[in-house]
Amino acid sequence: METDKELMNNVKVTWRCPSNIAIVKYWGKKGIQIPCNSSLSLTLSNSFTEVEAELSDKTTDEAVQLSYFFEGAVNEKFGQRVAKFLEDNREFFPFIAEKAITINSSNSFPHSAGIASSASAFGAISLALLDIAYSLEGKEKDEAFYREASNLARLGSGSASRSMYPAFAQWGENDNIQNSSNQYAIEITDIHPTFRNMKDAILIIEDEPKKVSSSVGHSLMNNHPYAENRFKQANERTAELVNILKNGDMEAFIHMCESEALTLHAMMMTSMDYYLLVKPGTITAIEKLMEFRKENNIPVCFTLDAGPNVHVLYPKAYEAQVEAFINDGLRDTYKKVIFDQEGNGPTKLNS
Ligand code: DP6
């Protein structure tokens, strides 16, 4: 029979984890990656990270020996963040005491696209390493596996907790949502057909790195004059959105989605160290989109993450009209567009 050590030598797994776009936004955190309010997102399909993780014998006596490659090249900066994440969360992977880890990571989207990749990256890293831990312990990868992966991913990047499930996922304790937790996200399964197969066209307005990182942005909610009201509003909205998704109320969805986007950016603009991430193209695209909706009576809306790019959301049934408008009417506002849609959650790529 093989010993544990021999078993560990043959281990190599690859996982693909999608990105997600928040409808109700997580903005502000406390303690160890605990959100100040709950959030709810749509898991995407075409925007994903793939991570191959492999174990080998250690060649140094470092507590964590990690070689981190991004698209074939060593990535010092992100590698250090991942090494710290592994060190801080050693109890999830006992094998790192004995083994060196090599991670090869790549994104489906161009790295200059300005898409936040920490959600899909920490999602895929967590799944790959937890998969190894489960296999070595002979544990089955059932529902509890994804819950634990969500918890682990949350410790790397909050929004990553929501990428573990198909379509709609909610993260953060909420009195009005059963089973909700600050530790991990849960899937929201009661979805009206109106919200099945939602599309998300991501308009890349600017592909420069952000001036202010999300970590700094979150920390600015600590002494923010509107913080308490904002956290309360987001918690109420998350619970309300669960009902909207169940009842198929598109008008309410559009209103909440757009208000959340503008509120997120309003929080940035009204922090003590105020800053601005929207660009002229962001505003033009939003204004044209609202006009298009009004004139054509088509259920299409926008949201923003912590950057200038505009996510255009619409049901698949309207894809022809909306995509013609994006390709033509909005063309001057963006550098690139990535057409994405609701996704099925993470997948393992080898057995
Ligand atoms: C605006 O998940 O990137 O996209 O936990 O510090 O990694 P960290 O933050 P991150 O913040 C995401 C903020 C957001 C809103 C959201 O996705 O809910």
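The values are calculated or read from the model by the stated rules, or taken from the named source; none is laboratory data. As the structure is a prediction and not an experimental result, all values here were calculated from the model. All Cβ positions, even for glycine, are placed from backbone atoms using ideal geometry, and neighbour counts span all protein chains on display. Note: accessible area is taken over every heavy atom of the protein model, side chains too, but ligands, DNA and RNA are not part of it. Shrake-Rupley method; radii C 1.70, N 1.55, O 1.52, S 1.80 Å.
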* Name every residue in segment 272-299 that is free of Cβ contacts under 8 Å to residues at least 24 places away in the same chain and touching a Leu at 6+ places or on another chain (Cβ under 9 Å), in order of residue number. => Tyr274
* Asked: Taking Ile96, is it in contact (Cβ under 8 Å) with a residue 24 or more places away in the chain, over 30 Å from Ala266 (Cβ atoms) and open to solvent by less than 60 Å² (accessible area, probe 1.4 Å)?
  -> yes
* Asked: Does segment 145-164 contain any residue that is outside any helix (DSSP H, G or I) and surrounded by fewer than 22 Cβ atoms within 10 Å (Cβ to Cβ)?
  -> no
* Asked: Looking at Ile177, is it aliphatic (A, V, I, L, M), touching a Ser or Thr at 6+ places or on another chain (Cβ under 8 Å) and buried (at least 20 other Cβ atoms within 10 Å of the Cβ)?
  -> no
* Do the conditions hold for Ser105, that is, is it part of a strand (DSSP E or B) and either crowded, with 17+ Cβ neighbours inside 10 Å or at positive phi (or both)? -> yes
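Residue-wise test of (1) out of contact with any His (no Cβ under 7 Å at 6 or more places or on another chain); (2) within 13 Å of the ligand (Cβ to nearest atom).
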| site | (1), (2) |
| --- | --- |
| Lys211 | yes, no |
| Ser215 | yes, yes |
| His218 | yes, yes |
| Asn223 | yes, no |
| Lys232 | yes, no |
| Leu241 | yes, yes |
| Leu245 | no, no |
| Glu251 | yes, no |
| Tyr275 | yes, no |
* Structure fact -> Residue pairs within 6 Å by beta carbon, gap of at least six or interchain, first lying in segment 230-254 and assigned to a helix (DSSP H, G or I), second surrounded by fewer than 16 Cβ atoms within 10 Å (Cβ to Cβ) and hydrophobic (A, V, I, L, M, F, W, C), listed first then second, are Ile244/Ala252
* Hey, can you tell me all the residues within segment 120-148 that are without any contact (Cβ under 8 Å) to a residue 60 or more places away in the chain, of a type in the set (A, V, I, L, M) and within 13 Å of Cys17 (Cβ to Cβ)? => Leu130
* Based on what the data block shows, is Arg154 within 16 Å of the ligand (Cβ to nearest atom), basic (Lys, Arg) and under 24 Å from Leu277 (Cα atoms)? -> no
* To do: Examine segment 45-64 for a residue that is surrounded by 22 or more Cβ atoms within 10 Å (Cβ to Cβ), within 14 Å of the chain's Cα centre (by Cα) and of a type in the set (Ser, Thr, Tyr), and state whether such a residue exists.
  => yes
* To do: Just need a number here: residues in segment 23-33 that are within 10 Å of the ligand (Cβ to nearest atom) and either surrounded by fewer than 24 Cβ atoms within 10 Å (Cβ to Cβ) or not in a strand (DSSP E or B) (or both).
  => 6
* Which of the residues belonging to segment 34-44 are more than 11 Å from the ligand (Cβ to nearest atom) and either buried (at least 24 other Cβ atoms within 10 Å of the Cβ) or over 17 Å from Ser157 (Cα atoms) (or both)? -> Thr43, Leu44
* Go through segment 274-314 and give me each residue that's touching a Lys or Arg at 6+ places or on another chain (Cβ under 9 Å) and surrounded by fewer than 19 Cβ atoms within 10 Å (Cβ to Cβ). => Tyr275, Leu276, Pro299
* How many of the residues making up segment 265-286 are in a helix (DSSP H, G or I) and farther than 12 Å from Tyr226 by Cβ? -> 8
